[in-house]
Amino acid sequence: MFRPKALGGALTALVTVAAGVFIAAASTSPAVAAGTGTGYLHTSGNQIVDSTGATVRLTGINWFGMETDNKTFHGLWSNNPWKGQLDTMARLGYNTLRVPYSNDALKPGATASGINDFVNPDLIGLSPLQILDKVIDYAGSKGMRIILDRHRPTAAGQSPLWYTSTVSEATWINDWKMLAQRYAGNPTVIGADLHNEPHAEGTNPAATGACWGCGDTARDWRLAAERAGNAILGVQPNWLIFVEGVSCPSGGLSNVWDNDPSNDEDCGWWGGNLSKAGQFPVRLNVANRLVYSPHEYATSVYRQTWFDAPDYPANMPAIWDKYFGYLYKQNIAPIMMGEFGSTLVDPKDKVWLERLMAYTGTGVTGMSFTYWSWNPNSGDTGGIALDDWTNINTAKQAILQPYLIAPSGGTGGPTGGPTGGPTGGPTDPPTGACTATYRQVNAWQGGFQGELTVKNTGSGAVNPWSVTWSWPSGVTLGSGWNATVTQSGTTVTAAAPSHAPSLPAGGSVTVGFTANGTASAPGTVKLNGTSC
């Protein structure tokens, strides 16, 4: 287990380390931002909006490692260069990167390890912060946003409170102020996830863990979040402040053996219980900067009682409503699920992920999220990347894909997101008004992986778009992403998803796929029937 958690009461869980559509679409409504929008972000009711007031939905992924002994991103030891990994994330539709770190990585003299010098020669000799600088710069060039996540006080592990005997609250806040100053003026970095997964410790009534609304300044996470959030906003008033929940609002675990139900409370995932935030809201000195950020997991992390309820999965929306969804539904504040994930080994988990994504809502007005994780070495969830840090888990990606809004400014071109783009019937470009390029990503005995990029070079938008190509007899589709990909005979069709149907003039779409048979480039590529 990479990041162990503990069971608290009947429901508190144990979680470890733990996110498409790569489509171009033009927005015709000023209320919908392209990708992650323009300038710094702020909030309006339950929405995140950009500097123009246009709605933005963060659909991101976690890339962890900076919180571990390596003090930098995991997977830099692989044969896939760090830029190649970011390229894939953006291409799949992840527009935001949540970066966990520990305060150890910020110390003067901190050294990054686990880097393949041959593959990543540009990282040789750099400190953890210098590597972070490079990732931020490159991600920003692709239109991605960055959320910094204080994951742990030290690389040793999680802590129930935001401070420990060796890392004080002052150190926590001062390090946040340093980061806010370091990236001031760089709108790629949009905010601070103050502390990862505050949770209960000790048995009630002798609670010693993080509470919510209890009023004890040494344990009340809500008050600590206010102190840190306001200190950060004093340095960088443009940042969003992401505040996670607790596990048990009392900060202690229930004693289920004392036959006293007054001591037994409803607990949830570490960082996932925001049930008291409505009654005791986080109060920041700068308006429109607060985003609540719960965590949510499946049975591969811990088998909560609700997974075995007779009405599962119909019972799940009410549970999500109770822990965090009410904040969104009552227009109190935006929700950005900072972590959620699963191996999908248990069939219940696939249903859980499908229902959870549907619960977040479709389109740019849905809840934001960062999936856990990109890393395949997440002990109890696995990742979107497979063990080679290059190929992807297509089963997970297929579930997440309809909810992803690709970053603008990247190779996918501008995107207006699910509600963007012109409306109306199909608009075919003039003959020859498209180009197609193909890249073989990988090949193995009996199969291969490829990417077909089609650009609309016509003068008008294609809405809805559809790309077709032919394969030799014997080559069959394994899986596809960034579109609804099907095969009939030797013809493959990649149809636009309903939430991003328009391909504007000058826009491109990249369709990814795996196939069985001899590696073959797509032939006779057409955009809405027009040969490219």
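Might you let me know whether the stretch 424-431 holds any residue that is open to solvent by less than 50 Å² (accessible area, probe 1.4 Å) and modelled with pLDDT under 95?
Yes.
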> Say we look at the stretch 140-149 and pick out the residues that are outside any loop (DSSP other than H, G, I, E, B) and among the small types (Gly, Ala, Ser); which of these is surrounded by the fewest Cβ atoms within 10 Å (Cβ to Cβ)?
Replying inline: Ser141
> Out of curiosity, is Gly84 within 30 Å of Gln401 (Cα to Cα) and buried (at least 16 other Cβ atoms within 10 Å of the Cβ)?
Replying inline: no
>> For the stretch 333-385, give me each residue that is among the charged types (D, E, K, R) and over 14 Å from the mean Cα position of the chain (by Cα).
In response: Asp346, Lys348, Asp349, Lys350, Glu354, Arg355, Asp380
>> Restricting to the stretch 458-481, give me the number of residues that are open to solvent by 40 Å² or more (accessible area, probe 1.4 Å) and more than 25 Å from Gly447 (Cβ to Cβ).
In response: 2
>> Going by what's in this entry, would Val364 be described as aliphatic (A, V, I, L, M), modelled with pLDDT under 95 and either surrounded by 24 or more Cβ atoms within 10 Å (Cβ to Cβ) or closer than 30 Å to Gly53 by Cβ (or both)?
In response: yes
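The rows are residues; the columns are (1) assigned to a strand (DSSP E or B); (2) aliphatic (A, V, I, L, M); (3) open to solvent by 30 Å² or more (accessible area, probe 1.4 Å); (4) at pLDDT 95 or above.
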{"position": "Asp69", "(1), (2), (3), (4)": "no, no, yes, yes"}
{"position": "His74", "(1), (2), (3), (4)": "no, no, no, yes"}
{"position": "Pro100", "(1), (2), (3), (4)": "yes, no, no, yes"}
{"position": "Ile115", "(1), (2), (3), (4)": "no, yes, yes, yes"}
{"position": "Lys134", "(1), (2), (3), (4)": "no, no, yes, yes"}
> What is the number of the single condition among (1) more than 19 Å from Ala200 (Cβ to Cβ); (2) assigned to a loop (DSSP other than H, G, I, E, B); (3) in contact with a strand residue (DSSP E or B) (Cβ under 6 Å, 6 or more places away or on another chain) that Gly271 does not meet?
Replying inline: (1)
> Restricting the first residue to the stretch 378-397 and requiring it to be more than 13 Å from Gln449 (Cα to Cα), which pairs with a second residue that is open to solvent by 10 Å² or more (accessible area, probe 1.4 Å) and basic (Lys, Arg) meet a Cβ separation below 7 Å and a spacing of at least six or different chains?
Replying inline: none
>> surrounded by fewer than 22 Cβ atoms within 10 Å (Cβ to Cβ) and aromatic (Phe, Trp, Tyr): is that true of Tyr371 in this structure?
In response: no
> In the stretch 199-241, which residue that is assigned to a loop (DSSP other than H, G, I, E, B) and hydrophobic (A, V, I, L, M, F, W, C) is surrounded by the most Cβ atoms within 10 Å (Cβ to Cβ)?
Replying inline: Ala210
>> Regarding the stretch 250-262, can at least one residue be identified that is open to solvent by 10 Å² or more (accessible area, probe 1.4 Å), modelled with pLDDT under 95 and in a helix (DSSP H, G or I)?
In response: yes
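Return the residue satisfying two criteria in turn: it lies in the stretch 305-328 and is in a helix (DSSP H, G or I) and of a type in the set (Gly, Ala, Ser), and of such residues it is surrounded by the most Cβ atoms within 10 Å (Cβ to Cβ). Show your work before the answer.
Pass one, the stretch 305-328, residues in a helix (DSSP H, G or I): 305-308, 316-328.
Cutting the leftovers down to of a type in the set (Gly, Ala, Ser) gives us 318, 325.
Values: Ala318: 12, Gly325: 19.
It comes out as Gly325.
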> For the stretch 334-368, which residues satisfy the criterion of being part of a helix (DSSP H, G or I) and closer than 16 Å to Gln401 by Cα?
Replying inline: Lys350, Val351, Trp352, Leu353, Glu354, Arg355, Leu356, Met357, Ala358, Tyr359, Thr360
>> Please go through the stretch 57-109 and give me each residue that is in contact with a strand residue (DSSP E or B) (Cβ under 9 Å, 6 or more places away or on another chain) and among the aromatic types (Phe, Trp, Tyr), ordered by number.
In response: Trp63, Phe64, Phe73, Tyr94, Tyr101
>> I'd like the full set of residues that are touching a Phe, Trp or Tyr at 6+ places or on another chain (Cβ under 6 Å) and modelled with pLDDT under 85, limited to the stretch 491-519.
In response: Ala496
> How many residues are open to solvent by 50 Å² or more (accessible area, probe 1.4 Å) and on the phi < 0 side of the Ramachandran plot if we restrict to the stretch 506-532?
Replying inline: 6
> Which of the residues spanning the stretch 150-188 are of a type in the set (Ser, Thr, Tyr), touching a strand residue (DSSP E or B) at 6+ places or on another chain (Cβ under 6 Å) and in a loop (DSSP other than H, G, I, E, B)?
Replying inline: Tyr183, Thr188
> Which one of these does Asp266 not meet: (1) of a type in the set (D, E, K, R); (2) more than 27 Å from Ser373 (Cα to Cα); (3) in contact with a Ser or Thr (Cβ under 7 Å, 6 or more places away or on another chain)?
Replying inline: (3)
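The values are calculated or read from the model by the stated rules, or taken from the named source; none is laboratory data. Just so you know, these numbers come straight off a predicted model, no measurement behind them. Every residue, glycine as well, gets a Cβ built from its backbone with ideal geometry; the counts of neighbours run over all protein chains shown. Ligands, DNA and RNA are excluded from the accessible area calculation, which covers all protein heavy atoms including side chains. Shrake-Rupley method; radii C 1.70, N 1.55, O 1.52, S 1.80 Å.
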